[in-house]
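What follows is calculated from the coordinates using simple rules that are stated; it is not laboratory data. Just so we're clear, the structure is a prediction, and the values are computed from it rather than from any experiment.
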Amino acid sequence: MEWVIVAPMLAPMSAARQRFGELGERIAARWLRRKGYRIVAHRFRSGRRDVDLIAEAGGTVAFVEVKARRGERFGDPVEAVGWRKQRELVRSANVWIDRFGTPGMAYRFDVVGVLVQADQVRIRHVENAFPASIPR
């Protein structure tokens, strides 16, 4: 009999990793506010899925995924948002739009990468990081 992997087993997030992720979200929110965005929501939950930040500027609502890393050993944090995460973000964004959206608003998906190395923090904000129609 062969073993078949049907879904990756993910270990629960440790408290330290969760705190670091929250730090990354606070850094990203501060960055966005400095760029003129108004933070509409932090960690909007839709079932088991969530959107890290929802920000608005100039009539556009951005659903923002934040990826924080302590170094580049695992690559650019922005590149860590794969198609599965994109699909979850689109689903959660649709729930938010159904509940809180207003006519005339434009919507997009952004990714903010936060790279923390020693005493230096680098931020990369990618607007319109992926389209709303995600391949299934």
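A few points about this structure:
- Of all DSSP beta bridges confined to segment 15-126, the antiparallel ones make up roughly 65%.
- Cα shape, segment 72-113, gyration tensor, a/c 1.5 rule: prolate
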